[in-house]
Amino acid sequence: MCLALLSAYAVRIPDIIKSLGSSATFSVSGMRDYAEAFAVLDLANRERAKESLPALQMDADMLEAAMLRAAETHIYWSHTRPGGGGSSTASPFGNSTYGENIAVGQLDAAAVMAGWMNSPGHRENIMKADYSVIGIGCFYQGDVRYWVQVFGDKPVVAVPPPVNTVVSTPVRVLKENYYLKLFAQPEGTTLRYVLGINTRESWPTGSYTVIDADCLDFSSSDTTVASVDAAGLLTKHSAGSATITATRKAGIIMCSGK
């Protein structure tokens with residue numbers, strides 16, 4: 001069972017300037033659960049209606065920002081972005097005010113909204129009269145869901161609920177923040193190697209986010225013993241030992257999954 005966490009943030013625009021530290025950009029693939037995101041919207045507006053507040057509208061740009069932030073918190077669970085700067089640096093153009101709620105570990109919209117509404121800072125963001133638009137993110141690779149609400153006051157760009165889909169999201173991470181580890185996962189009669197990224201703010205503590213394979217070059221120290229393809233799939237050829245290595249592709253500014 002995963003412990004559920006919550007955190008709230010609010011700021012006037014502009015916010016602090018992005019950090020200029022040395023960074024690398026990785027792509028991470030995961031499920032964007034739009035059905036749960038729009039379920040959160042419905043529950044949030046029910047709460048606002050109880051206090052005669054106008055309904056928040058899901059905005060296309062804010063929705064994208066929230067899904068990006070949910071992928072970022074999968075790697076670095078904080079209101080500071082993994083590449084540096086406050087979360088408001090993800091805010092779409094047109095907002096003069098911005099707020100963010102984040103959470104991790106809740107199983108569904110009802111659970112995450114109950115947690116937020118029972119926390120004064122999160123409730124304040126949800127019920128703030130200055131906010132008119134919202135974006136909601138729900139992103140996961142495995143069983144642990146990462147949730148984000150972003151709030152603003154920009155002119156709305158209406159968006160219908162998209163279909164749930166696996167999306168590859170580029171995430172910039174300061175080099176001082178991350179650690180990489182190569183894992184071998186069973187696949188049929190062989191192994192598939194994946195590279196995981198962990199940071200000091202990863203939650204659950206010690207968890208790794210899988211990096212898309214097309215960011216990486218795989219190699220074997222002895223291809224007569226075993227070779228490894230571009231997707232990390234191992235092929236055994238003879239008895240012996242070989243070291244499998246994964247390195248980030250040289251010169252890549254951004255890599256995206258297929």
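The values are calculated or read from the model by the stated rules, or taken from the named source; none is laboratory data. Treat the numbers as computed from the prediction; the structure is a model and nothing was measured. Methodologically, a virtual Cβ is constructed for each residue, glycine included, from the backbone with ideal geometry; neighbour enumeration extends over all protein chains shown. Side chains included, ligands, DNA and RNA excluded: accessible areas come from the protein's heavy atoms. Shrake-Rupley method; radii C 1.70, N 1.55, O 1.52, S 1.80 Å.
Grab the beta carbon distance between Ser22 and Asp229, set R0 = 30 Å, and tell me the FRET efficiency rounded to 0.05.
Details: r = 31 Å, r/R0 = 1.02.
With a Förster radius of 30 Å, E is 0.45.
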Revision key, fill the gap. Shape descriptor, the range 112-183: equivalent ellipsoid semi-axes (Cα gyration tensor, sqrt 5λ, whole Å, largest first) stand at 28, 18, 15
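Using the alpha carbon gyration tensor of the range 121-246, what are the three equivalent-ellipsoid semi-axes (square root of 5 times each eigenvalue), largest first, in whole Å? It would help to have the intermediate numbers written out before the result.
On the way: eigenvalues 344, 51, 31 Å².
Semi-axes (√(5λ), whole Å): 41, 16, 12.
If I take all pairs of Cα atoms in the chain, what percentage of them are more than 24 Å from each other?
50 percent
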Review point. Once the convex hull of the C-alpha atoms of the range 161-233 is built, how many Å³ does it hold per residue, rounded to a whole number?
Key: 151 Å³
Point to revise | chymotrypsin sites (Phe, Trp or Tyr not before Pro) within the range 55-95, DSSP loop, no more than 11 other Cβ atoms inside 10 Å | key: Phe93
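How many percent of the accessible area of the range 117-258 is carbon or sulfur, using a 1.4 Å probe?
On the way: 4030 of 7400 Å².
So the carbon and sulfur contribution to the accessible surface is 54 percent.
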Review point. Which whole-number percent gives the relative contact order of the range 49-150, counting Cα pairs below 8 Å spaced six or more residues apart?
Key: 43 percent
**Study point:** Cα centroid separation - the range 164-231 against the range 32-89, whole Å
**Key:** 27 Å
Point to revise | Probe 1.4 Å, accessible area per residue of the chain, Å² | key: 46 Å²
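May I ask for the net charge around Arg48, where only other residues with Cβ less than 14 Å from the Cβ of Arg48 are counted and Lys, Arg are +1 while Asp, Glu are -1? The partial results should precede the final answer.
On the way: positive: Arg46, Lys50, Arg123, Lys128; negative: Asp42, Glu47, Glu51, Glu124, Asp130.
The answer is -1.
When only DSSP loop residues count, what trypsin sites (Lys or Arg not before Pro) in the range 17-70 have their Cβ near at most 14 other Cβ atoms within 10 Å?
Details: sites: Lys18, Arg32, Arg46, Arg48, Lys50, Arg69; in loops: Lys18.
Answer by residue number: Lys18.
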Study note, to complete from the structure: Checking the range 102-208 for GluC sites (Glu not before Pro) in a loop per DSSP with at most 13 other beta-carbon atoms within 10 Å yields Glu176
Check your understanding: Roughly how tilted is helix 60-75, in degrees to the nearest 10 and between 0 and 90, from the longest Cα axis of the chain?
Key -> 50 degrees
Point to revise | Per-residue HN-Hα couplings for the range 217-233 [Karplus 6.51, -1.76, 1.60; θ = phi - 60°; Hz; x = Gly/Pro] | key: 10, 9, 8, 10, 6, 8, 6, 6, 8, 7, 10, 9, 8, 5, 9, x, 7
